[in-house]
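The values are calculated or read from the model by the stated rules, or taken from the named source; none is laboratory data. Note that the coordinates shown come from a computational prediction; the quantities given were computed from them, not determined experimentally. No Cβ is skipped: glycine too gets one built from the backbone with ideal geometry, and neighbour counts run over all protein chains shown. Protein only, heavy atoms only, side chains kept; ligands, DNA and RNA dropped before computing areas. Shrake-Rupley method; radii C 1.70, N 1.55, O 1.52, S 1.80 Å.
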Amino acid sequence: MRIWLNDFELNNPLKRVYINEDIEGLDLPSIRTSRGQRAGQSGSYFGAQLFDSRQISIKGSIFSSSIAEALERRREIQAVLPLYPERLTVRILDDDGYAYLLYAQVIDFKMPISRARMKSLFKLELEAPDATIYDDTAGSALRATINKAIPGGFMFTGTSPVFGYNFYFSAGQPNTTVENLSSIPVFPVIVIEGKTTNPVLTNLTTGVVFQLENYSTAADSVTVIDMQNRTVRLGTLSDIDPDTGYFYPGRGGNVYGYQPLTSEFWSLVPGENQIKLDSGSGSDVTTADMIWRPGVIGI
């Protein structure tokens, strides 16, 4: 198994940084269970069960042929461990060729200075708020263009049509079908680039509706809806990472408060999902960009 912490590779013979012991936290995460005893009767009850955040522990060592090399490796590995709001990207290439990706925060890192200066032992503790481990075999996230549904039928070319020569038949534009090949629900990021008024995004397969009210943006704006982290941010296209749709740290403004009480963040369930985009003005943009990855709950 090969592992990258951002661009720093573990188990690389050239760098001589190795994982010594079992990696903890890549199997099923802890399960949070709502349960209790039944009052006045035998037995207990169970409510919802949810996966907790993923706790990951990596123990390794650095070997070097000189003290100078050892100190350089120590500085390199510590330099790639960011603090919040930046996150650590962990990539895994397993022995069967499957590639995975997860995002984590650094909780703790220990690497004592040993008397044997050409060897250093370290222990890295990470927490991934999102328990899903994402498929990175394709090397990038999947994308789909969500179209504003337009009904088909007779369309007239003028405001006072004369039957027989100034109309045409349009097939319209249907709702968008997005297929989640995972066996678990996954949460997409949706990017609306350009002018939009009171946007509404509905997963017709589940019936869940996300919407913003009293919301209007300019033509050079970008609205990013992160269904997993339950955030809604407004900025410009230069503020976001084009590969993930996430805002760069410190960029964009919070517009979460434009949601009505009936609005809900939704996921893509396994299989086909019918997605509908709508908005409040005919001059709004007619597409949105959806970004997501298939996922697994444990390796």
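Details
- Value of relative contact order over the range 86-131, rounded to a whole percent, pairs C-alpha under 8 Å and six or more apart: 33 percent
- Per-selection Kirkwood Rh - the range 1-135 (Cα, Å, 1 d.p.): 16.8 Å
- Close Lys pairs in the chain, defined as Cα atoms under 20 Å apart and 8 or more places apart or on different chains, number 12.
- The chain, relative contact order in percent, only Cα pairs under 8 angstrom and at least six apart counted: 19 percent
- Using R0 = 41 Å, the C-beta based FRET efficiency linking residue 218 and residue 181 works out to 0.65.
- Modelled FRET efficiency - R0 30 Å, residue 35 with residue 254, Cβ distances, 0.05 increments: 0.25
- In degrees, nearest ten, helix 67-79 long axis to first principal axis of the chain (Cα): 30 degrees
- If the segment from residue 287 to residue 107 were pulled out straight at 0.36 nm per residue, it would be longer than the present Cα-Cα gap by 60.9 nm.
- Size descriptor, Kirkwood hydrodynamic radius, that averages inverse alpha-carbon separations across the range 239-299, Å: 15.3 Å
- Exposure check, 1.4 Å probe, all protein chains in place: residue 1 carries approximately 70 Å² of accessible surface.
- Options (1) 1.41; (2) 1.09; (3) 0.97 - which one matches Rg/Rh (Cα atoms, Kirkwood Rh) as calculated here: (2)
- Dipole moment magnitude, nearest 20 debye, the chain about Cα centre, only Lys, Arg, Asp, Glu C-beta charged: 740 debye
- Between residue 299 and residue 59, the modelled label-to-label distance comes to 1.9 nm, taking each label 7 Å out from Cα in the direction of the beta carbon.
- Environment charge of residue 24, counting only residues whose C-beta is closer than 11 Å and scoring Lys/Arg +1, Asp/Glu -1: -1
- 3J(HN,Hα) from dihedral phi, the range 245-250, Karplus parametrisation 6.51/-1.76/1.60, rounded to Hz, x for glycine, proline: x, 7, 6, 5, x, x
- From phi via Karplus (6.51, -1.76, 1.60), per-residue ³J(HN,Hα) for the range 130-138 in Hz, x at Gly/Pro: 8, 6, 6, 9, 9, 6, 10, 4, 6
- Placing dummy labels 7 Å off each Cα toward the beta-carbon, the span from residue 274 to residue 118 is 6.8 nm.
- Kirkwood-type hydrodynamic radius, the range 175-220: 12.7 Å, calculated from all non-identical alpha-carbon pairs.
- Amide H partners (placed H, <5 Å) of residue 231, local residues excluded: 226
- Local electrostatic count at residue 252 - Lys and Arg +1, Asp and Glu -1, tallied over other residues with Cβ under 12 Å: -1
- Heavy-atom accessible area per residue - the range 180-240, 1.4 Å, Å²: 40 Å²
- Chain lengthening between residue 94 and residue 7 when straightened (0.36 nm per residue, less Cα-Cα): 29.6 nm
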